[in-house]
1. Would a scan of segment 256-264 turn up a residue that is touching an Asp or Glu at 6+ places or on another chain (Cβ under 7 Å) and open to solvent by less than 10 Å² (accessible area, probe 1.4 Å)?
2. Give the number of residues within segment 190-243 that are in a strand (DSSP E or B), open to solvent by less than 60 Å² (accessible area, probe 1.4 Å) and among the aliphatic types (A, V, I, L, M).
3. Please give the number of the condition Pro248 fails out of (1) modelled with pLDDT of 90 or more; (2) open to solvent by less than 80 Å² (accessible area, probe 1.4 Å); (3) part of a loop (DSSP other than H, G, I, E, B).
4. Among the numbered conditions (1) loosely packed, with under 13 Cβ neighbours inside 10 Å; (2) small (Gly, Ala, Ser); (3) modelled with pLDDT under 90; (4) over 30 Å from Asp291 (Cβ atoms), tell me where Gly93 comes up short.
5. Residues being touching a residue at least 12 places away in the same chain (Cβ under 8 Å) and among the polar types (S, T, N, Q): count how many of those fall in segment 217-245.
6. Pairs only if they're at least six apart or on different chains, beta carbon under 7 angstrom, first in segment 121-136 and closer than 22 Å to Ala157 by Cα and touching a residue at least 12 places away in the same chain (Cβ under 8 Å), second surrounded by 10 or more Cβ atoms within 10 Å (Cβ to Cβ) and among the basic types (Lys, Arg); list them, first residue then second.
7. Would you please list the contacts, defined by Cβ atoms under 6 Å and residues six or more apart or on different chains, that run from a residue in segment 151-163 that is on the phi > 0 side of the Ramachandran plot to a residue that is surrounded by 13 or more Cβ atoms within 10 Å (Cβ to Cβ)?
8. Considering every residue within segment 174-186, establish whether at least one is open to solvent by 80 Å² or more (accessible area, probe 1.4 Å) and farther than 30 Å from Leu268 by Cβ.
Amino acid sequence: MIKFRCILLGFLALSFFSCKNDEEKVEEAPTESFRNEVAATEVRVAKAEVKSFDYLINAIGKLEAASQVTAVIEQAGFLIELNVTEGQSVEKGDVIARLDPTEAQLRLDKAEISLRNANAEYESMKLGYETIFNSGDEAQINAIDEQLKAKSGLFMAEVELKEAMLNRARCELKAPISGKIADLKFKEGSLVGANQELCEILGTKQMILKVKVLESDISLISPNQKAEVYSISNSQNTIEGRVIGINPKVDENGLVQVSVAINSTANLLPGMNARAIIRAPQNNSLVVPKDALVYRSGRAVVFSIENEESKWNYVEVGKDNGEEVEILEGLEPNSTVITSNNLQLAHQAPVQIVKD
């Protein structure tokens, strides 16, 4: 019996030490063995490069005619002829309307007669001063001549003739600029008053797009800077433009007005909405593709690769042009960065680079 108990105790002791050794082996199993059991995440990569970076400033605004003039009827009368319709193109100097010239012509005829009478009176008065006019004394001759023209009414007659000619010319309203007719306000046969507006003439050979830009971006914009313009009605076609003006005021919303001249006006009309993209090159910027950037707990992260493992890098982000992102801090130049399958990627996770 005693012998049996000794054998049983020996067996239990052997089993206890055997289990303890197995636990120690499990605890001593290296972490590397677990990593080897996890499949590597397939990723695409790119290089973090120091290069010129085009920061894109996007802004929306309305198109305006580069020149816009109001055609004004300068004197009262009946509109007997209207040569234009809305949307019609005119050239500078074209007669676009005529007023009834009867009264203006009558005044012109009277002014011409008055001038002839004054001139006849002047010549008659000169006969009494032949000695002076033949003396060769220029100073005396000029003094007497001025007096005679004033006494005869010749000066006033000349002024009245010029005024009558001007009034007669105002019966024809000419286009002050080349462009298109807009907002026509009268019809043929209308009685119009002096200084009333007939229409607007829009100089459509060049358009201006006026956009609002954030005050933080205005330091990146300068006159003659190139811009790309897209009309809302035809967003597929790019129209070349250039910056021609920057308003020196910031409005209550922290925006600054920038004017962009457009080289082409095909299929564009004043008042249309359009979008401008102004390129502001940034030199010697560390840049990564935008797909390399993810956010964790509100902080920007870029994963790089070291020893076939992902490396978590907190970064400070600069400007963004929609395709690339400027990295200000947190990443070394020429790092290989992960651009795909990085949304749920962990630090030191095994990765495998996939090439297209």
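The values are calculated or read from the model by the stated rules, or taken from the named source; none is laboratory data. A quick note: this is a predicted structure, and the numbers were derived from the prediction, not measured. Cβ sites come from the backbone with ideal geometry, for glycine too, and all protein chains shown count toward neighbours. Note: accessible area is taken over every heavy atom of the protein model, side chains too, but ligands, DNA and RNA are not part of it. Shrake-Rupley method; radii C 1.70, N 1.55, O 1.52, S 1.80 Å.
1. Yes, segment 256-264 contains a residue that is touching an Asp or Glu at 6+ places or on another chain (Cβ under 7 Å) and open to solvent by less than 10 Å² (accessible area, probe 1.4 Å).
2. Qualifying residue count for the region: 13.
3. For Pro248, the failing item is (2).
4. (3)
5. Let us first name the residues in segment 217-245 that are touching a residue at least 12 places away in the same chain (Cβ under 8 Å), namely 217-218, 220-235, 239-245.
Pick out the ones that are also among the polar types (S, T, N, Q) and you get 222, 224-225, 231, 233-235.
Of the residues in segment 217-245, 7 are touching a residue at least 12 places away in the same chain (Cβ under 8 Å) and among the polar types (S, T, N, Q).
6. Close Cβ pairs satisfying both conditions: Tyr122/Lys149; Met125/Lys151.
7. So the pair list comes out as Gly153/Ala118.
8. First, the residues of segment 174-186 that are open to solvent by 80 Å² or more (accessible area, probe 1.4 Å): 174, 183, 185.
Now drop any that are not farther than 30 Å from Leu268 by Cβ, which leaves none.
For segment 174-186, residues open to solvent by 80 Å² or more (accessible area, probe 1.4 Å) and farther than 30 Å from Leu268 by Cβ: absent.
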